[in-house]
Amino acid sequence: MTEILPGSPCWVQLSTSDLAESQRFYGRLFGWTATAQDPQYGGYTIFSLDGAPAAAVAPLMNPQQPVQWLLAFATPSADEVSDAAKAAGAQLWMGPMDVGPLGRWALLSDPTGAPFTLWQAGQFAGFGVADEPNAFGWIDLATRNRDAAVAFYKSVFGWEVTPSEQYPMVGLAGKMFGGVMEMGTMFPPEVPSHWTPFFMVRDVDAAAGSASKLGAEIMHGPVDVEMENGPRIAVIRDPQGAAFGVFAPRNG
């Protein structure tokens with residue numbers, strides 16, 4: 001995979017209420033292998049695809065913590081970017097703090113309430129595989145203030161934005177890696193702004209069918225995105241309640 005640029009997605013991790021069942025579900029769905037890390041990291045487990053780090057899963061740190069996928073953005077300085085994010089209206093919840101020799105981490109939420117993390121790489125850089133079947137490939141922000149969210153991430157990470165009334169896409173160095181949508185009536189009012197990771201698959205319909213048989217709920221799709229060369233997608237809620245997406249290029 002290519003170098004992870006500062007400000008781009010570099011990792012995703014799942015906080016789950018059932019570590020063993022989450023390992024079973026994603027192992028069967030994506031062919032991931034789970035490897036528990038040092039016990040000092042509290043059950044943190046790396047998912048690998050053909051030996052390369054693809055994602056992670058960890059137990060909830062407390063009962064109030066939501067079951068969810070959490071996105072990390074790469075940064076050369078978690079401290080400096082945390083300060084910049086706070087100045088731009090973000091809330092800092094934890095850190096910045098060292099994670100042993102692996103790197104430095106911080107947990108924040110953007111001005112519209114969507115949580116995200118910062119990762120300053122030490123021994124661990126993040127994705128060892130991406131943009132291929134059964135690996136990470138896209139991020140989607142559902143927010144109740146799209147303009148404020150786009151302005152925030154442009155300010156903090158220098159993202160490039162493709163203008164769109166419905167779905168502005170975001171990226172760096174000419175490569176789009178995500179999009180932003182306004183939360184409408186399809187989202188209950190109690191649902192906060194949130195990031196959703198999407199994983200590439202060869203066949204969206206087959207992946208959604210497999211997920212359903214493994215106990216997941218299909219929340220949206222499978223459906224072709226109504227844009228030129230738009231992918232086929234589905235949004236899925238895993239058996240523990242964490243939402244994620246799958247997609248396949250229309251002509252892939």
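The values are calculated or read from the model by the stated rules, or taken from the named source; none is laboratory data. Because the structure is a prediction, the values reported are computed rather than measured. All Cβ positions, glycine included, derive from the backbone under ideal geometry; neighbour counts span all protein chains shown. Just the protein is used for accessible areas: all its heavy atoms, side chains included, with ligands, DNA and RNA removed. Shrake-Rupley method; radii C 1.70, N 1.55, O 1.52, S 1.80 Å.
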Inset, instruction - Return the distance in nm (one decimal) between the two label points of a simple spin-label model at residue 50 and residue 212, each offset 7 Å from Cα along Cα→Cβ. - result: 2.9 nm
Inset, instruction - Run the numbers on the stretch 70-129 and let me know its relative contact order in percent, using alpha-carbon pairs under 8 Å that are six or more apart. - result: 37 percent
Legend entry - Shape category assigned to the chain from the gyration tensor of Cα positions, a/c cut at 1.5: rounded
Inset, instruction - Two decimals is fine: what is log10 I(q)/I(0) at q = 0.10, 0.13, 0.15, 0.21 Å⁻¹ for the stretch 154-252, from a Debye sum with one equal scatterer on every Cα and no solvent? - result: -0.31, -0.53, -0.71, -1.23
Inset, instruction - Evaluate the distance, in nm, between pseudo-label points positioned 7 Å from the Cα of residue 173 and of residue 20 along their respective Cα→Cβ axes. - result: 4.3 nm
Inset, instruction - Express the accessible area of the stretch 118-228 per residue in Å², computed with a 1.4 Å probe while the remaining protein chains stay in the model. - result: 50 Å²
Legend entry - DSSP loop GluC sites (Glu not before Pro) with at most 12 other Cβ within 10 Å excluded, longest remaining stretch of the chain: 4-164
Legend entry - Beta bridge orientation in the chain: antiparallel %, DSSP, nearest 5: 80 percent
Inset, instruction - For the chain, give the percent of accessible area contributed by carbon and sulfur heavy atoms, probe 1.4 Å, rounded to a whole number. - result: 52 percent
Legend entry - Part-to-part distance (alpha-carbon centres) for the stretch 189-252 and the stretch 1-77, which is given in Å: 18 Å
Inset, instruction - Using a/c under 1.5 as the rounded threshold, could you call the stretch 66-152 rounded, prolate or oblate? The axes a ≥ b ≥ c are square roots of the C-alpha gyration tensor eigenvalues, and prolate needs a/b larger than b/c, oblate otherwise. - result: oblate
Inset, instruction - Starting from the Cα gyration tensor of the stretch 1-91, take the square roots of the eigenvalues, sort them a ≥ b ≥ c, and report rounded, prolate or oblate (rounded when a/c is under 1.5, otherwise prolate if a/b is larger than b/c, else oblate). - result: oblate
Legend entry - DSSP-assigned coil residues among chymotrypsin sites (Phe, Trp or Tyr not before Pro) in the stretch 1-94, each with at most 11 further Cβ atoms within 10 Å: none
Legend entry - the chain - percent relative contact order, Cα under 8 Å, separation 6 or more: 17 percent
